[in-house]
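Structure, as structure tokens:
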Ligand SMILES: [Zn+2]
């Protein structure tokens, strides 16, 4: 992902609207690109600060942002694990199908 692409996804990330592979690539990009991280941080802080000022609660946005990123990374790990499990199940199902067809072929022909 380039910085230009990353910029397009900052608002979606801040609004929790970024998912799947795009989220994974975006998280990787901001973990390696200080410029984009800072830009994302600014958008996040601005959005959250405005919302909090309205309801008057105290906040520690830097910690909350770190927590948000950790939760998203955890989500990506589960997402990838689920993809591996799905692939494994399909492979086993495919092998059973082949075995079944061989059995039918040998038995009836
Ligand atoms: Zn960047």
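Select from the stretch 32-51 the residues that are in contact with a helix residue (DSSP H, G or I) (Cβ under 8 Å, 6 or more places away or on another chain) and free of Cβ contacts under 8 Å to residues at least 24 places away in the same chain and write down the one among them that is farthest from residue 83 (Cα to Cα).
49
Please indicate, with yes or no, whether at least one residue in the stretch 60-69 is in a helix (DSSP H, G or I), surrounded by 10 or more Cβ atoms within 10 Å (Cβ to Cβ) and in contact (Cβ under 8 Å) with a residue 40 or more places away in the chain.
Yes: one or more hits.
Looking only at residues that are more than 12 Å from the chain's Cα centre (by Cα) and more than 11 Å from the ligand (Cβ to nearest atom) in the stretch 13-31, which one is nearest to residue 44 (Cα to Cα)?
14
Within the stretch 1-14, which residues are touching a residue at least 12 places away in the same chain (Cβ under 8 Å) and assigned to a loop (DSSP other than H, G, I, E, B)?
Matches in the stretch 1-14: 1 only.
Exactly one of these conditions fails for residue 3: (1) at pLDDT below 95; (2) surrounded by fewer than 16 Cβ atoms within 10 Å (Cβ to Cβ). Give me its number.
It fails just one condition, (1).
Within the stretch 42-56, can one find any residue that is under 13 Å from the mean Cα position of the chain (by Cα) and not in a loop (DSSP other than H, G, I, E, B)? Spell out the reasoning first.
Step one: list which residues in the stretch 42-56 are under 13 Å from the mean Cα position of the chain (by Cα), which gives none.
Checking the stretch 42-56: not a single residue is under 13 Å from the mean Cα position of the chain (by Cα) and not in a loop (DSSP other than H, G, I, E, B).
Filter the stretch 43-59 down to the residues that are at pLDDT 85 or above and exposed (fewer than 11 other Cβ atoms within 10 Å of the Cβ) and list them by number.
Across the stretch 43-59, the qualifying residue is only 50.
The values are calculated or read from the model by the stated rules, or taken from the named source; none is laboratory data. This structure is a prediction, so every number in the text was calculated from the model and none was measured. Glycine also receives a Cβ, built like all others from the backbone with ideal geometry; neighbour counts cover every protein chain displayed.
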